[in-house]
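Beneath this line is the structure, given in structure tokens, with notes to follow.
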Amino acid sequence: MSIASGLRGRHLTRRLVQLYVGLTLYGVSSALLVRGSLGLEPWGVLHQGLAEKTGLTIGVVSIVVGAVVLLLWIPIRQRPGLGTVSNVFVIGLAMDGTLALVPESDGLAVRVPLLVLGIVLNGVATGLYIAARFGPGPRDGLMTGLHRLTGRSIRLVRTALEVAVVATGFLLGGSVGIGTVLYALSIGPLAQFFLRRFAVPEREGGLTVASSGPSPTQDPARTQGPAPAEGPAPAQDAAPAGDPAPAEDAGPATAARPPAVAPGTPEQAILRR
């Protein structure tokens, strides 16, 4: 898909609002996890570790890392969408803005609520930007690209990447703790729950149908392209073989039914964390 693809349709305004609100809230949620000081999400650990070593803000590091990861899409022949490019910049800017407004705290009475709020808000944000269907974020697109090239399962590729990211970030001084574990256990169910709530219906020939999600070559947010990515795009290529998504029930599609998450996509990978 191209960056301009998907910029049409009767729900375009809603989708654009969901995309940028979702990405902004994602940055806010990541900043709350930083202020909670009880452990960050996997890529946040790396960003914090690099920020400690370079003296840059964690938001700027997030932007730089996102841009570098996006460059890695070139050899694996991934194509970014609007959501991919927006993911790189909006999340980092929102993180730094939130960190400037929310002070540090040493008390668990404040840090625990910040952790919980950060994780839940991250799930809300993931559901919003994935449902916008503008493609996955750079990190989720890298994961599905490697899945396609290596033939390994999405779960295995994602686990290997995130273990490597957490280990590197921890060695650089990033924060790993109970928050990291809680995030890993809860973000999939949360993203799936909110993805269903924020699903944007599509219409074909007067019949409202559920979206089948993009191919791995398209872009989230994650959840990202998730169908997370770093949302699913209207134009699709054939999805590669991978972990199968749960089968949709039979029957006529309606506006109330959530979009399916296609197998092998960044969005499926986010939901299956």
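Observations, loosely collected:
- Condition check for Arg155: more than 14 Å from the chain's Cα centre (by Cα), within 20 Å of Pro138 (Cα to Cα) and at pLDDT below 90: yes
- Residue count for segment 187-198 satisfying the condition of being open to solvent by 20 Å² or more (accessible area, probe 1.4 Å) and touching a helix residue (DSSP H, G or I) at 6+ places or on another chain (Cβ under 6 Å): 4.
- Residue under evaluation Gly49, criteria (1) more than 17 Å from the chain's Cα centre (by Cα); (2) of a type outside the set (Asp, Glu); (3) part of a helix (DSSP H, G or I); (4) surrounded by fewer than 22 Cβ atoms within 10 Å (Cβ to Cβ), criterion not met: (4)
- In segment 48-71, the residues that are more than 16 Å from Leu99 (Cβ to Cβ) reach residues that are open to solvent by 50 Å² or more (accessible area, probe 1.4 Å) and not in a helix (DSSP H, G or I) with C-beta atoms within less than 8 angstrom, at least six apart or across chains, in these pairs: Val64/Leu56.
The values are calculated or read from the model by the stated rules, or taken from the named source; none is laboratory data. No experiment lies behind these values; they were computed from the predicted model shown. Cβ sites come from the backbone with ideal geometry, for glycine too, and all protein chains shown count toward neighbours. Ligands, DNA and RNA are stripped out before the accessible areas are found, and what is left, the full protein with its side chains, is counted by its heavy atoms. Shrake-Rupley method; radii C 1.70, N 1.55, O 1.52, S 1.80 Å.
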